[in-house]
1. Quick one: compute the contact order of the range 135-245, relative version, from alpha carbon pairs under 8 angstrom and 6+ residues apart, as a percent.
2. Rank these for me by crowding, 93, 230, 150, 47, going from fewest to most other beta carbons within 10 Å.
3. Evaluate the relative contact order of the range 138-190 (contact order divided by residue number), counting alpha-carbon pairs under 8 angstrom at least 6 apart; express in whole percent.
4. Compute the long axis of helix 19-30 from its Cα atoms, compare it with the longest principal axis of the Cα atoms of the chain, and write down the angle in degrees, 0 to 90, nearest 10.
5. Which whole number in µm²/s is D for the range 35-103 by Stokes-Einstein, with the Kirkwood Rh taken over Cα pairs at 20 °C and 1.002 mPa s?
6. Considering Cα pairs under 8 angstrom that are at least six residues apart, work out the relative contact order of the chain and quote it in whole percent.
7. Arrange 117, 62 by Cβ neighbour counts within 10 Å, fewest through most, would you?
8. Mind ranking 82-91, 164-173 by how tightly packed they are, going by the mean number of other C-beta atoms within 10 angstrom, highest first?
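What follows is calculated from the coordinates using simple rules that are stated; it is not laboratory data. As the structure is a computational prediction, the values presented were derived from the model and not from experiment. Because the Cβ atoms are built from the backbone with ideal geometry, glycine has one as well, and the counts that use them run over all protein chains shown.
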């Protein structure tokens, strides 16, 4: 028995159009799942493969999770859902998160929409012993200079993961999460494309390299598979040792 075989299963990766979410989506597809992804651009053709987007073989839908009505009104093109990955994320720079407009925008995407998505798909997940994998951040465990909304929302995601796990275990749904460290995606270009900041960031990681979407996907596959059948409510830190330093 191959416990990483997702053949016959349906997965939805929210935020699966690029970056970490895209890496997870493609890993699920490579292991046999029928994978749907949400992104914010009008069509799949609007994504650039050079920016970490590979939508080959994925079913794409445009859903802006910052607008709860779009989540509520989306009509699922599938009748079963086995794996729900919540990888949506937003961050604002130049101290924009210290303004309430910016703070609300980031929290709406990074935290509020997690609950909206989870509750929307709860009935389908409960039908087949579904698994939910949230994607938060190591920012949940330390201060992040200049980004109070990002920090608070990611900490909230860790707490939500624990609480939904306890509440939904009786429905046969397992909820767990991953907390990525510094992953080289378009969201982190502000650091990776600045040599001084890049070198400083690398020095803080014991493994001396940034993570990749594929690094995150391996742990997500574990949490979505029977290999983690007795793991519940946990957020696994995947950071190359960043929090050890």
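1. On the way: 155 pairs, mean separation 37.9, N = 111.
It comes to 34 percent, rounded to a whole number.
2. Values: 93 11, 230 7, 150 24, 47 18.
By the 10 Å Cβ count, ascending, the order reads 230, 93, 47, 150.
3. Working: 33 pairs, mean separation 15.6, N = 53.
For the range 138-190, the relative contact order is 29 percent.
4. 30
5. Working: Rh = 14.3 Å.
In µm²/s, the coefficient is 150.
6. Values: 510 pairs, mean separation 50.1, N = 245.
Once normalised by length, the contact order is 20 percent.
7. Numbers: 117 25, 62 15.
Ascending number of Cβ neighbours within 10 Å: 62, 117.
8. Values: 82-91: 25.4, 164-173: 15.9.
By packing density, highest mean first, the sequence is 82-91, 164-173.
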